[in-house]
Amino acid sequence: MGKLLEFRNISKTFPGVKALDDVSLDLNPGEVHVVVGENGAGKSTMMKIISGVYAPDRGELLLDDIPLGRNTPKIAEQHGIAMIYQELSIVPELSVMENIFLGHEIRRGILIDRKAMDKRAEELLASIGVKVSPGTLVKNLSIANQQMIEIAKALSKNARVIVFDEPTSSLTDAEIKELFRIITALRGKGVGMFYISHRLEEIFEIGDRITIMRDGRKIATAPIAEMDMGKVVEGIAGRRIENVFQRHFPAKGEILLELKDLCGERFQHVNLNVRAGEIIGLAGLVGSGRSEVVRAAFGIDPYSAGEVLVRGKKMPRNNPQRLAHEGVAFLPEDRKREGLALSLSIRENAVISALRRLNPLTIVDGRRERATVRDFVRKLGISSPTIEKLVHFLSGGTQQKVVLAKWLITEASIFIFDEPTRGIDVGSKSSIYSLMDELVGLGAGIVMISSELPEVLGMSDRIYVMAQGRIAGEIDREEADHVSVIQLAFSQTSASQGRSLQ
Amino acid sequence: MTQSPLVLKRAIKAVTDFSSLFILLAVLAFFTAITAAAGDQYLTLSRISVILNQACFLTVIGIAQALALLTGGINLSIGSVMALTTVLWGRMLVGNAPDAVHYIIPVLLVVGTGMLIGLVNGLLITKLGMPPFIATFATMYACRGLAWLALGKKVIYNLNGDFRYLGTGVVARLDGFSLTVPMFVVLILLVATSFMLRRTNFGRQVYFTGTNAIAARFSGIRTDRVLIWVYVLSTGLAAFAGLLYGARLNSFEPGMAVMAPFDAITVALIGGIAMSGGYGSIWGILCGSIIVSIIYNGMNTLSIASELQTLVMGVLIIFAVAFNQFLIKRNMELRNELDERTASR
Ligand SMILES: Nc1ncnc2c1ncn2[C@@H]1O[C@H](COP(=O)(O)OP(=O)(O)OP(=O)(O)O)[C@@H](O)[C@H]1O
Ligand SMILES: [Mg+2]
């Protein structure tokens, strides 16, 4: 059987970075080819060459053993290549059907044939087992379902090659199961898929073959059955990582942050607290209200009742600046929209929240600033030749590290992290975990939202589990395991399950 | 792209950094050629001095507008504020009466009133959540109306000589070239604003807010405070521009400088400030104002009708903005490349 797609000796240089260095790779029909590697290893770049966004400097791309020659997004699409990007590209204000056919509407003469599109959309959605009506506005869907719409969109273009670039970074376990069911179905139809992910547990479940990348080079390609977790981690990080979750447990101090009976649109009667020296995990399904709670607590969104106390002091509503002033740092969920100024440099982004600490006399101390930023660039393993690089040109995981650096530089004492390690490679994850451990050792308190159970279980002193906008329970580190957390996450009513699978 | 030599890239980067300098040279070349074709010399010392002197006022309103544009906003109230503030306090600047207060007092009152109107602009935008376009559009009308109410169809003229020195004073004369007081005033203003934007915490916050206001709020920047200050400074500068303007014309009147906010936008756009916020340098404003000044001056020398001048200005804006947009993109890429190269050395 011929290869569906082949990547022959491809190189791609960006200024100062050899993003891809003589990489060869192939994809068979009906295969899930997993690609892993550290942040900035060149994974997304490789996929963007397949989809025609970048042209390679050297090497060629073959489709059905025929060289493709010039490639553009349009040409790639005509050949049945579809991308599900790291960041979703659907339009929230349009309906499901409109999104699926955006740019390639079904026409009758010069008019758009809505009826035909509705029908086709329904078929497509049914074929991947998604129960959403084509007329629903996409903004009313969960992220998981939005992703399904992207897949339906890919199918509507008769995709034969689908690239998934970190599709599960914002999904919970139940939703990932759903995605995998669809991928399995696609595999049966002979669709070939590349699958990039930093969540290593899942690749053994879904992959047929695996390729490990480092510094733009291919380290290895092998059938997944011949690999194990240890080998993969070592391949990615270039070193053994014995224990990812390093924790020392310092003596606990005063209560730093406390939410008392907080009520808002998407959550009710939330009580939680974090002490100095503690990491608090906030677990639950996507949509259970975790992000909404911390956003309200930090003053981003309003809340209708209850109190937020910092070191016993009541905080005003809707005033994030005040909380920042009191030493609270907030790492938001959506790094591009809420975390970064993309057209500014790493340096300008990293210091923005710590200006007052770095330059108490308001005049910028350039040397001190650069030294501070360089320090964190090293600590977090930010892969960029200089701190002047515009954030826009960094890889997804590297951008996430810049957002982290921004908050670590503030030397805050209370950290609220919403999915801090989203899109970050295993090696860097373990350095971030030790940084977090260091922080609480110095008397900080951390609230961490995470959809990755191993991370919550491995790092937290205590875990609050949310379900349907309420705290369903609080579990101590000693008693916490997969089962207890998941049970609580699904506790409340059966409606909460229904919602997550909706 | 990556193969071209470093020196060349440095040169391109310099051009894209000061895209407006490039336009400036082109415009100069154009008028020099045309005048030369008519057997004349374009760049004489006296003409340069006239052009620069005229550019001074444009620079002040250009900076005022640029501050607002950098945050992603706009200030349409510039011209009306010039009129209202000077009409309100202008009487204190009339004549050389011995009992008159020192002219510095009305000057401070004018600028102070401007800043107060700026505070109103800022509050409308931040506390009432009005888009800057609408908020300053409203104050544009309100201030113009108040100016007419305050003075009616009269004109304040025959201004205090000491005060006029601010707008017309000549420090030194070299052949036909006059070094004037406004040139020094504007130079100080440019250095100060540039320092504020590039080297202070406040300036950093202005750029960050202009690039991504949501992320700025999440980063703990007091975005409301930043915006209010920007409009206070911008509108205060507008009032100051009114003083320069009046000093040169030796009069204040309610109908003055109607086109000022738009001239200011022209200057800022040609000077390389991005309407979308967060991009541009204050020194570009200097180029922008000299360019606009040259064009008006050049067209007057060629005795082109004013209707046609307006048309030419429109076309020029289209070209300048398209050109700048292209250069901004290229500049970002180059900034990326060059810093890497220099670092890897
Ligand atoms: N347009 C660009 N200009 C300059 N450099 C770029 C550009 N795009 C990517 N790079 C650089 O190329 C390298 C590879 O980036 P890429 O996005 O492929 O990484 P990745 O493996 O997908 O990482 P992640 O796991 O963080 O998503 C990085 O060093 C990145 O900074
Ligand atoms: Mg990537």
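The values are calculated or read from the model by the stated rules, or taken from the named source; none is laboratory data. Keep in mind the model is a prediction, meaning the values are calculated, not measured. When we count neighbours, we look across all protein chains shown, and the Cβ atoms used for this are built from the backbone with ideal geometry, even at glycine. We work out accessible area using only protein heavy atoms, side chains counted, and drop any ligands, DNA or RNA first. Shrake-Rupley method; radii C 1.70, N 1.55, O 1.52, S 1.80 Å.
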Conditions (1) modelled with pLDDT of 85 or more; (2) touching a strand residue (DSSP E or B) at 6+ places or on another chain (Cβ under 7 Å); (3) part of a helix (DSSP H, G or I) -> A:GLU201 fails only (2)
Collect the residues in segment A:148-188 that are over 21 Å from A:ASP64 (Cα atoms) and within 16 Å of ligand 2 (Cβ to nearest atom), keeping them in residue-number order. A:ASP165, A:GLU166, A:PRO167, A:THR168, A:SER169, A:SER170
Looking at segment A:35-57, is at least one residue surrounded by 19 or more Cβ atoms within 10 Å (Cβ to Cβ) and over 30 Å from A:VAL391 (Cβ atoms)? no
Select from segment A:48-81 the residues that are hydrophobic (A, V, I, L, M, F, W, C) and closer than 17 Å to A:LYS3 by Cα and write down the one among them that is nearest to ligand 2 (Cβ to nearest atom). A:ILE50
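Here's the yes/no breakdown for (1) under 26 Å from B:SER276 (Cβ atoms); (2) of a type in the set (A, V, I, L, M, F, W, C); (3) within 12 Å of ligand 1 (Cβ to nearest atom):
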position: A:SER343; (1), (2), (3): yes, no, no
position: A:ARG347; (1), (2), (3): yes, no, no
position: A:LEU355; (1), (2), (3): yes, yes, no
position: A:THR362; (1), (2), (3): no, no, no
position: A:ARG370; (1), (2), (3): no, no, no
position: A:ILE387; (1), (2), (3): yes, yes, no
position: A:GLY397; (1), (2), (3): no, no, yes
Can you pull out every residue in segment A:336-347 that is in a helix (DSSP H, G or I) and at the interface with chain B (Cβ under 7 Å from one of its Cβ atoms)? A:ARG337, A:GLU338, A:GLY339
Taking first residues from segment A:149-176 that are away from chain B (no Cβ under 14 Å) and second residues anywhere that are of a type in the set (Lys, Arg) and within 16 Å of ligand 2 (Cβ to nearest atom), the pairs with Cβ under 8 Å that are 6 or more apart or on different chains are A:ASP165/A:LYS43; A:THR168/A:ARG199; A:SER169/A:ARG199; A:SER169/A:ARG422; A:SER170/A:ARG422
Any chance you could count how many residues in segment A:345-377 are within 22 Å of B:ILE221 (Cβ to Cβ), open to solvent by 40 Å² or more (accessible area, probe 1.4 Å) and not hydroxyl-bearing (Ser, Thr, Tyr)? 8
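Residues of segment A:142-175 being more than 16 Å from ligand 1 (Cβ to nearest atom), in a loop (DSSP other than H, G, I, E, B) and under 27 Å from A:VAL456 (Cβ atoms), which ones?
A:SER142, A:LEU171, A:THR172
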Any idea how many residues of segment A:318-337 are open to solvent by 10 Å² or more (accessible area, probe 1.4 Å) and either of a type in the set (Asp, Glu) or free of Cβ contacts under 8 Å to residues at least 60 places away in the same chain (or both)? 9
Among all residue pairs at least 6 apart or on different chains, which show Cβ distances below 6 Å where the first residue, located in segment A:31-42, is closer than 12 Å to A:PRO223 by Cα and the second is more than 11 Å from ligand 2 (Cβ to nearest atom) and in a loop (DSSP other than H, G, I, E, B)? A:GLU31/A:ASP208; A:VAL32/A:GLY207; A:VAL32/A:ASP208; A:VAL34/A:GLY207
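Listed residues B:ILE328, B:ILE295, B:ILE317; which is in contact (Cβ under 8 Å) with a residue 12 or more places away in the chain and within 14 Å of chain A (Cβ to nearest Cβ)?
Every option except B:ILE328 fails the conditions.
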Checking B:SER178 against (1) more than 14 Å from chain A (Cβ to nearest Cβ); (2) outside any strand (DSSP E or B): exactly one of these is not met. Which one? (2)
Taking segment A:24-47 only, how many residues are more than 14 Å from chain B (Cβ to nearest Cβ) and within 13 Å of ligand 2 (Cβ to nearest atom)? 12
Just to be sure I understand, how many residues within segment A:397-422 are open to solvent by less than 10 Å² (accessible area, probe 1.4 Å), over 18 Å from A:PHE298 (Cα atoms) and not hydrophobic (A, V, I, L, M, F, W, C)? 6
Scanning for something within 26 Å of the chain's Cα centre (by Cα) and not acidic (Asp, Glu), does segment A:58-72 turn up at least one residue? no
Give the residue, chosen from A:ILE100, A:ILE84, A:ILE106, that is in the same structural domain as A:SER170 (by TED's automatic domain parsing) and within 16 Å of ligand 2 (Cβ to nearest atom). A:ILE84
Test: residue in segment A:275-292 that is over 30 Å from A:THR386 (Cβ atoms), within 13 Å of chain B (Cβ to nearest Cβ) and open to solvent by less than 10 Å² (accessible area, probe 1.4 Å): no
Taking B:VAL258 as meeting all but one of (1) away from every other protein chain (no Cβ under 14 Å); (2) β-branched (Val, Ile, Thr); (3) part of a helix (DSSP H, G or I); (4) in contact (Cβ under 8 Å) with a residue 24 or more places away in the chain, write down the number of the exception. (3)
Quick check on segment A:378-396: of everything there that is away from every other protein chain (no Cβ under 12 Å) and open to solvent by less than 30 Å² (accessible area, probe 1.4 Å), which residue is nearest to ligand 2 (Cβ to nearest atom)? A:GLY396
Counted residues in segment A:349-360 being at the interface with another protein chain (Cβ under 7 Å from one of its Cβ atoms) and either of a type in the set (Ser, Thr, Tyr) or part of a helix (DSSP H, G or I) (or both) come to 4
Considering segment A:5-21, residues that are open to solvent by less than 10 Å² (accessible area, probe 1.4 Å) and closer than 12 Å to A:LEU68 by Cβ, and then whichever is nearest to the other protein chains (Cβ to nearest Cβ), we arrive at A:ILE10
Residue list for segment B:120-134, filter: surrounded by fewer than 16 Cβ atoms within 10 Å (Cβ to Cβ) and in a helix (DSSP H, G or I): B:PHE133, B:ILE134
Under 9 Å between Cβ atoms, at least 6 apart or on separate chains: pull out the pairs that start in segment B:165-184 with a residue that is under 20 Å from B:LEU58 (Cα atoms) and end on any residue that is of a type in the set (D, E, K, R). B:GLY167/B:ARG248; B:THR168/B:ARG248; B:LEU179/B:ARG173; B:PRO182/B:ARG248
Mind telling me which of the residues A:SER496, A:SER460 ends up being at pLDDT below 90, open to solvent by less than 70 Å² (accessible area, probe 1.4 Å) and of a type in the set (Ser, Thr, Tyr)? A:SER496
Residue within segment B:261-277 that is open to solvent by 50 Å² or more (accessible area, probe 1.4 Å) and closer than 30 Å to B:VAL107 by Cα present: yes
If we keep only residues of segment A:80-102 that are under 14 Å from A:VAL161 (Cβ atoms) and touching an Asp or Glu at 6+ places or on another chain (Cβ under 9 Å), then the residue surrounded by the most Cβ atoms within 10 Å (Cβ to Cβ) is A:MET83
